[in-house]
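A.B. asks: There's a structure below that I have some questions on.
The values are calculated or read from the model by the stated rules, or taken from the named source; none is laboratory data. All values derive from a computational prediction rather than experimental measurement. Don't worry about glycine lacking a Cβ; one is built from the backbone with ideal geometry, like all the others, and counts go over all protein chains shown. Note: areas computed on protein heavy atoms with side chains; ligands, DNA, RNA excluded. Shrake-Rupley method; radii C 1.70, N 1.55, O 1.52, S 1.80 Å.
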Amino acid sequence: MLGLNYKLEELEKKGEFICTGVIGTGQMGRGMVSQMILMKGMKPSIVVDINIENAKKALLYAGIEEKDILQAETQEAADAWAKEGKYVIASSIDFVTKSKAVQVVIDATGVTEVGAKIALDTITNKKHIVMLNAEADCVIGPILKKLADNAGVVYTGAAGDEPGAVKELYDFAVAMGFEVRVVGKGKNNKVDLDCNPDTVREEATRRGVSPHMLAAFKEGSKTMVEMALMSNSTGFIPDVRGAHGISGQVSELPAKFSLKEEGGILDKYGVVDYVDGIAPGVFVIVSSPLPEVNHEMQYLSMGPGPNYVLYRPYHLCSLETPLSAAMAVLDHKATIAPIKGLVSEVVTVAKKDLKAGQNLDGIGGYTVYGTLERAEVAKDLNLLPVGLVSRDTVLKKDVKKGDLITYDMVELNEDSLLLQLRKLQDKMFN
């Protein structure tokens with residue numbers, strides 16, 4: 001991100017701006033639109049939501065006057081209005097993905113099937129795509145990255161989301177010549193595998209968030225998805241299925257995330273994990289083989305070594321995401337993206353006893369949750385990625401609470417674009 005501010009300021013001085021399309025104006029999308037209004041050299045030019053009033057409110061809340069907002073009727077009118085530096089709202093994603101004015105699209109829907117279409121349409125129309133949709137990214141990220149490379153555009157995850165924040169720390173440490181041994185994130189509540197939208201509804205209402213979203217965080221599925229993105233962008237793997245998920249403070253992490261023979265918890269280095277007690281921060285554990293580097297790290301109060309923690313105590317979620325859009329356009333670089341095929345997979349676990357013929361419902365619901373596993377293990381065991389589960393998924397056999405669910409246990413919706421892309425990905429990276 002170094003120097004991005006100067007590049008955006010230069011655009012502003014020249015009277016130019018990055019024309020951005022934002023799809024999805026829930027809590028994350030609204031905050032992103034408001035933050036982008038404050039930035040130099042870029043605009044949320046076309047804002048889309050299935051409920052067009054939500055798109056309009058996102059701009060009004062950001063201080064945009066109603067006279068400067070056009071409800072799109074035709075693509076030509078929308079593009080002309082956007083090029084003038086004004087703002088367009090629409091209910092169809094086509095007004096963004098097919099726009100000749102928009103340079104970069106941000107998917108803030110969080111819906112896997114919708115995210116697949118947004119990404120594919122955006123790449124097909126040769127625009128950069130920023131995925132603030134980790135759920136879709138962890139299922140089909142590699143094939144979308146490959147398609148984007150072939151189209152000459154950038155496929156990237158979002159700055160501000162924890163995987164993006166971790167990747168920035170990781171890149172910093174690697175650039176300095178440190179050996180990175182662990183990458184990870186905080187979790188701000190203990191895992192409750194039994195929670196569902198009903199059990200968290202009161203808290204969700206009090207906090208003004210979706211019960212499904214809160215349940216996805218509390219059951220740990222969101223953490224597993226975020227760690228999968230960290231894994232797929234670095235090559236790091238979970239030390240154990242689901243990761244260790246220890247409790248601890250920042251100062252304790254270097255010792256705890258050392259090998260068992262060194263007094264820690266790990267069987268190996270090169271792993272991804274999470275910690276209860278350091279949220280909303282992210283971290284990497286690093287080491288150095290050289291005495292002078294260790295001496296200076298100790299002098300700088302980084303601990304006794306040989307492991308040290310680099311800790312960022314915040315991530316600003318969607319407020320940072322426009323930086324990824326700017327970097328894609330100005331530098332043709334991704335904040336975070338898969339380095340190859342999947343390294344880790346978020347697989348499906350039964351949340352309760354389930355019966356044949358029952359429909360499943362995905363993370364944050366009533367029937368299943370996700371846990372992290374190495375992709376090669378998931379493949380060998382034929383484990384079902386939790387991101388492919390939807391309300392159209394039908395169970396073909398009885399399953400006990402806590403059982404892993406495999407592909408052969410379910411009937412998937414074969415018309416799903418997400419599923420078709422996943423099948424192509426599996427062939428491509430087999």
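A.B. asks: Among residues belonging to the stretch 94-134 that are under 22 Å from A334 (Cβ atoms) and charged (D, E, K, R), point out the one that is surrounded by the most Cβ atoms within 10 Å (Cβ to Cβ).
C.D. replies: The selected residue is D107.
A.B. asks: Something else: What are the pairs, 6+ residues apart or on separate chains, where a residue within the stretch 120-139 that is not assigned by the TED database to the domain that holds A326 and at pLDDT 95 or above has its Cβ under 7 Å from a residue that is surrounded by 24 or more Cβ atoms within 10 Å (Cβ to Cβ) and assigned to a helix (DSSP H, G or I)?
C.D. replies: none
A.B. asks: So which residues in the stretch 1-31 are part of a loop (DSSP other than H, G, I, E, B), within 19 Å of the chain's Cα centre (by Cα) and aliphatic (A, V, I, L, M)? Give the derivation first.
C.D. replies: Looking only at the stretch 1-31, we keep the residues that are part of a loop (DSSP other than H, G, I, E, B), and these are 1-3, 14-17, 24-26.
Adding the requirement that they be within 19 Å of the chain's Cα centre (by Cα) leaves 1, 24-26.
M1 - this is the single residue of the stretch 1-31 that is part of a loop (DSSP other than H, G, I, E, B), within 19 Å of the chain's Cα centre (by Cα) and aliphatic (A, V, I, L, M).
A.B. asks: Considering G341, G387, G364, which residue is in a helix (DSSP H, G or I), in contact with a helix residue (DSSP H, G or I) (Cβ under 6 Å, 6 or more places away or on another chain) and either farther than 26 Å from V22 by Cβ or not hydrophobic (A, V, I, L, M, F, W, C) (or both)? Walk me through it before giving the result.
C.D. replies: Working: G341 fails: in a helix (DSSP H, G or I); G364 fails: in a helix (DSSP H, G or I).
Of G341, G387, G364, the one residue that is in a helix (DSSP H, G or I), in contact with a helix residue (DSSP H, G or I) (Cβ under 6 Å, 6 or more places away or on another chain) and either farther than 26 Å from V22 by Cβ or not hydrophobic (A, V, I, L, M, F, W, C) (or both) is G387.
A.B. asks: Condition (residue is hydrophobic (A, V, I, L, M, F, W, C) and crowded, with 24+ Cβ neighbours inside 10 Å) applied to the stretch 193-208: is it met by at least one residue?
C.D. replies: yes
A.B. asks: For the stretch 318-362, enumerate the residues that are open to solvent by 40 Å² or more (accessible area, probe 1.4 Å) and closer than 30 Å to T199 by Cα.
C.D. replies: Residues satisfying the conditions are L319, K352, D353, K355, A356, G357, Q358, N359.
A.B. asks: Restricting attention to the stretch 9-26, which residues are farther than 17 Å from G115 by Cα and surrounded by fewer than 21 Cβ atoms within 10 Å (Cβ to Cβ)?
C.D. replies: Residues satisfying the conditions are E9, E10, L11, E12, K13, K14, G15, E16, F17.
A.B. asks: Can you name the condition, by its number, that E53 falls short on among (1) in a helix (DSSP H, G or I); (2) out of contact with any Asp or Glu (no Cβ under 7 Å at 6 or more places or on another chain); (3) open to solvent by less than 30 Å² (accessible area, probe 1.4 Å)?
C.D. replies: For E53, the exception is condition (3).
A.B. asks: Residue by residue through the stretch 82-93, note down the ones that are open to solvent by less than 50 Å² (accessible area, probe 1.4 Å) and not in a loop (DSSP other than H, G, I, E, B). Explain how you work it out, then say what you get.
C.D. replies: Applying the first criterion (open to solvent by less than 50 Å² (accessible area, probe 1.4 Å)) to the stretch 82-93 yields 82, 85, 87-90, 92-93.
The answer is A82, Y87, V88, I89, A90.
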